[in-house]
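Novice: Before we start, here is the structure in question, set down as structure tokens.
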Amino acid sequence: MSQHFFDQFLFVALPYVCLFTFFLMTIYRYRAQSFSYSSLSSQFLENKHHFWAVVPFHYGILVVTAGHFLAFLIPRTLLAWNSVPWRLYVLEISALAFGILTLIGLVGVIVRRLGSSKVRIVTTPTDWILFLMLLVQTASGVSLALFYPWGSSWFATNMSPYLWSIMKLAPDVTFVAAMPWVVKLHVVLAFLTIGFFPFTRLVHVLVIPNPYLWRKPQVVRWYSRREKTR
Amino acid sequence: MNIRSQVSMVFHLDKCIGCHTCSVACKNVWTDRKGADYMWWNNVETKPGTGYPTQWEDQEQYHGGWEKDGDQPIHIKSTGKARVIPNIFHNPHMPSMDDYYEPWTYDYQNLFNAEEGSDQPIAKPISMITGKDIKVEAGPNWDDDLGGSQIYAANDPNLAGLSEQQRLQLSSVERLVLFYLPRICNHCLNPCCVASCPSGALYKRGEDGIVLIDQKKCRAWRSCVSACPYKKTYFNWFTGKSEKCILCFPRLETGQAPACFHSCVGRIRYLGVLLYDADRLEEVANLPDEELVNGHRSLILDPHDPEVIRKAQSAGIPDGVIESAQQSPVYKFVMDWKIALPPHIEYRTLPMLFYVPPMSPVIANFEDGLATHKMQGLFHGIDESRIPMQYFANLFGGGHEGVVRYAMGKQLAVRWHRRAETVGDVDRATADRFLREANCTVEEAEAIYKLTSLCTFEDRFVIPPMYREQAIEMVKEPHEQRAEAGFGFVGGPQRGG
């Protein structure tokens with residue numbers, strides 16, 4: 001009974017609270033405090049180790065996150081891909097490689113922030129909490145890839161239905177309740193990160209500058225004719 | 001023809017005494033804040049020298065400005081559409097604080113609170129970033145007045161193309177020379193910072209051409225810092241936003257000169273409107289190097305030409321702005337007299353701050369141990385000046401001497417003319433010959449003399465009416481605006497979490 005209650009709390013109540021917080025606070029912050037939306041780059045203060053920490057981290061986490069989204073969105077296609085062994089191996093090894101890249105980058109980011117006195121000054125308690133969360137999350141993700149093989153397949157068969165049940169407002173914790181504790185930790189921490197997201201520097205992910213790719217080089221703002229820009 | 005108006009500037013370097021009053025005025029008004037502490041939207045450099053940030057003119061290092069490869073259209077040297085996303089995590093050409101300096105203050109309290117001892121207490125330098133003791137090794141004016149220095153002056157990127165003998169000459173004690181180069185944002189017509197911003201946060205104001213950064217749209221991608229070849233966009237390390245000179249637009253809008261202009265002791269600064277043809281910007285920015293200075297001038301339109309006036313009116317430029325353009329001192333220096341030149345036009349940003357190149361002492365010859373100088377002709381005096389013409393050409397002529405020689409010759413002729421008028425040790429015929437050689441009439445020489453030496457506040461600053469109140473009316477009900485505007489940020493510009 002208590003186990004059931006516990007699962008309901010961690011995998012139903014908590015996800016909804018986190019998702020609700022995410023949407024509400026992200027929109028509120030964008031509307032009320034748009035000044036605070038910034039990547040808060042510290043490259044200006046420390047440029048020697050910046051590349052070796054920040055670049056692996058970003059490329060790693062972008063690919064890994066994209067992989068999770070794909071498994072969530074197109075689980076059947078993924079299973080079909082994995083039905084041939086070599087394709088499964090390629091996918092799993094790439095996923096592990098990018099996971100390790102993320103971990104190396106993240107450790108680099110943390111070491112750099114601890115090591116440079118200037119960068120430490122612009123690192124807030126929120127940043128440290130976020131780094132700790134991401135570190136545990138990445139480490140648990142990498143250990144899953146190592147010790148619970150073929151995650152791409154069991155994500156598609158077991159985790160996708162759970163996540164979809166959350167999305168469809170008909171939560172079903174059957175699959176996730178049977179998972180080992182590392183998986184549970186990974187899931188809970190994922191939702192916590194989503195809930196924490198709007199209060200952190202992570203909001204810069206939402207303002208990636210895609211319009212640059214198709215806008216004209218020069219920007220002119222007219223105050224007397226609002227619509228006209230060149 | 002697409003006529004626009006631009007608030008433009010002239011800095012008369014022959015009058016700059018290097019007092020840094022402009023820098024201090026600007027610092028006190030705009031950048032005396034955490035995160036902006038290292039920024040000098042206005043700074044004064046000693047030339048030859050390395051400047052701030054160190055060697056900012058070396059684009060092999062900083063990759064600023066536009067680049068032209070053969071017949072290809074120009075592109076931003078540091079970034080571009082294909083490179084912006086892969087380089088967004090780490091900007092490969094971003095200068096770091098080490099290229100500027102680490103701001104510091106002093107532990108003045110120690111002078112009062114120090115324990116009693118056998119030594120005088122001192123105020124130790126303290127980093128304004130970390131609050132810890134620092135060893136001060138660089139500052140915004142570290143090479144101030146160090147003309148001739150082997151560490152600073154000798155590393156000036158503008159010395160490119162000078163012969164070994166000319167370089168030695170610049171640093172020999174008897175011939176040592178320096179001048180000052182005050183710098184602010186040039187509010188360019190083809191700003192590289194604007195074109196590089198992935199977020200579209202930077203923009204040029206349509207009405208007056210002032211280049212600004214929308215603080216609410218800036219996301220700290222840092223592209224503008226790398227892209228600006230003059231290094232006049234700065235990264236606020238505390239708020240995580242870029243900032244730059246705003247040409248004191250709140251002052252301009254209320255009819256006051258910008259703080260640096262207003263406070264200028266040497267009265268070197270002039271401000272006025274220029275009308276230009278925005279349709280030809282792309283064409284001019286793509287001209288070959290040697291045609292850039294004249295191409296840039298050809299963009300600027302004669303505000304007295306009835307055709308220009310008619311088209312300006314139909315483009316929506318208010319009559320008050322056109323009248324202001326007709327009285328613009330900048331138009332006189334840049335277009336009528338052609339003695340003010342854009343800095344580093346080869347960066348192709350089409351800067352709208354022009355410099356009157358400074359006269360330097362002529363090289364003395366030694367006869368029997370005494371320094372003497374005999375001037376045979378007007379241009380002899382220019383070619384013999386202590387700063388080689390090639391140096392000025394690198395700075396103000398895109399590497400080409402012609403336009404700089406013209407500007408220098410005219411200034412020198414004006415001096416001879418006034419000398420003939422007032423001192424009398426030069427005969428009128430010689431002065432007239434020099435004026436003719438410099439393509440200058442007596443009337444023009446008098447006008448140059450008056451606007452250079454006897455200029456009043458009103459002569460120097462012809463500030464156009466900005467009609468802000470009318471502009472706002474078109475967008476919003478004035479009463480509504482009054483109820484909403486005025487407080488700016490709620491809670492101040494805090495760093496995001």
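The values are calculated or read from the model by the stated rules, or taken from the named source; none is laboratory data. Just so we're clear, the structure is a prediction, and the values are computed from it rather than from any experiment. So basically every Cβ, Gly included, is an ideal-geometry build from the backbone, and we count neighbours across all protein chains shown.
Novice: Any residue at all in region B:199-211 that is at pLDDT below 95, within 23 Å of B:Lys15 (Cα to Cα), crowded, with 16+ Cβ neighbours inside 10 Å and of a type in the set (Gly, Ala, Ser)?
Specialist: No: region B:199-211 contains no residue that is at pLDDT below 95, within 23 Å of B:Lys15 (Cα to Cα), crowded, with 16+ Cβ neighbours inside 10 Å and of a type in the set (Gly, Ala, Ser).
Novice: Would you be able to tell me the number of residues in region B:40-57 that are assigned to a loop (DSSP other than H, G, I, E, B) and closer than 15 Å to B:Ala138 by Cβ?
Specialist: 9
Novice: To continue, here is another question. Out of A:Pro217, A:Pro198, A:Pro171, report the one residue that is within 30 Å of B:Leu212 (Cβ to Cβ), of a type outside the set (A, V, I, L, M), in contact with a Ser or Thr (Cβ under 7 Å, 6 or more places away or on another chain) and buried (at least 16 other Cβ atoms within 10 Å of the Cβ).
Specialist: A:Pro198
Novice: Could you check how many residues of region B:217-261 are more than 16 Å from the chain's Cα centre (by Cα), over 25 Å from A:Pro211 (Cα atoms) and outside any loop (DSSP other than H, G, I, E, B)?
Specialist: Result for region B:217-261: 4.
Novice: Let me ask something else about it. For region B:230-267, which positions are over 17 Å from B:Trp40 (Cβ atoms) and buried (at least 22 other Cβ atoms within 10 Å of the Cβ)?
Specialist: Residues satisfying the conditions are B:Thr239, B:Gly240, B:Lys241, B:Leu252.
Novice: Also, quick follow-up: Among the listed residues B:Glu421, B:Glu446, which satisfies the condition of being modelled with pLDDT of 95 or more, in a helix (DSSP H, G or I) and surrounded by fewer than 18 Cβ atoms within 10 Å (Cβ to Cβ)?
Specialist: The unique qualifying residue is B:Glu446.
Novice: Go through (1) crowded, with 16+ Cβ neighbours inside 10 Å; (2) over 10 Å from B:Gly49 (Cβ atoms); (3) among the small types (Gly, Ala, Ser) and name the single condition B:Ser118 misses.
Specialist: The number of the failed condition is (1).
Novice: Please indicate, with yes or no, whether at least one residue in region B:466-474 is at pLDDT 80 or above and either away from chain A (no Cβ under 14 Å) or assigned to a loop (DSSP other than H, G, I, E, B) (or both).
Specialist: Yes - at least one qualifying residue is present in region B:466-474.
Novice: Give the residues of region B:77-100 that are outside any loop (DSSP other than H, G, I, E, B), more than 8 Å from every other protein chain (Cβ to nearest Cβ) and not charged (D, E, K, R), sorted by residue number.
Specialist: Within region B:77-100, just B:Ala82 meets the criteria.
Novice: Here is a further query. Residues of region B:214-267 being away from chain A (no Cβ under 11 Å) and in contact with a Pro (Cβ under 7 Å, 6 or more places away or on another chain), which ones?
Specialist: Of everything in region B:214-267, those that are away from chain A (no Cβ under 11 Å) and in contact with a Pro (Cβ under 7 Å, 6 or more places away or on another chain) turn out to be B:Lys231, B:Leu247, B:Cys248, B:Arg251, B:Leu252.
Novice: I would also like to ask the following. Please specify each residue of region A:37-59 satisfying the condition of being in contact (Cβ under 8 Å) with a residue 24 or more places away in the chain and either facing chain B (nearest Cβ under 7 Å) or within 23 Å of B:Gly35 (Cα to Cα) (or both).
Specialist: Within region A:37-59, A:Tyr37, A:Ser38, A:Ser39, A:Leu40, A:Ser42, A:Leu45, A:Glu46, A:His49, A:His50, A:Val54, A:Val55, A:His58 meet the criteria.
Novice: Additional query: For B:Arg267, state whether it is of a type in the set (D, E, K, R) and part of a loop (DSSP other than H, G, I, E, B).
Specialist: yes
Rundown of residues vs (1) among the basic types (Lys, Arg); (2) in contact with a helix residue (DSSP H, G or I) (Cβ under 6 Å, 6 or more places away or on another chain); (3) surrounded by 19 or more Cβ atoms within 10 Å (Cβ to Cβ); (4) more than 21 Å from A:Pro180 (Cα to Cα), yes/no style:
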position	(1), (2), (3), (4)
A:Gly108	no, yes, yes, yes
A:Ile121	no, no, no, yes
A:Ile129	no, no, no, yes
A:Gln137	no, yes, yes, no
A:Phe147	no, no, no, no
A:Ser152	no, yes, yes, no
A:Phe155	no, yes, yes, no
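Novice: Please count how many residues of region A:125-165 are under 17 Å from the mean Cα position of the chain (by Cα) and free of Cβ contacts under 8 Å to residues at least 12 places away in the same chain.
Specialist: 2
Novice: Could you tell me whether A:Phe22 is closer than 19 Å to A:Ser165 by Cβ and outside any loop (DSSP other than H, G, I, E, B)?
Specialist: Here the answer is yes, as A:Phe22 does meet what is asked.
Novice: Can you tell me which residue among B:Ser242, B:Ser196, B:Ser298, B:Ser223 is among the polar types (S, T, N, Q), closer than 29 Å to B:Arg83 by Cβ and without any contact (Cβ under 8 Å) to a residue 60 or more places away in the chain?
Specialist: B:Ser242
Novice: A follow-up question, please. Taking region B:282-312 as the region of interest, how many residues are within 14 Å of another protein chain (Cβ to nearest Cβ) and within 24 Å of B:Glu323 (Cα to Cα)?
Specialist: 0
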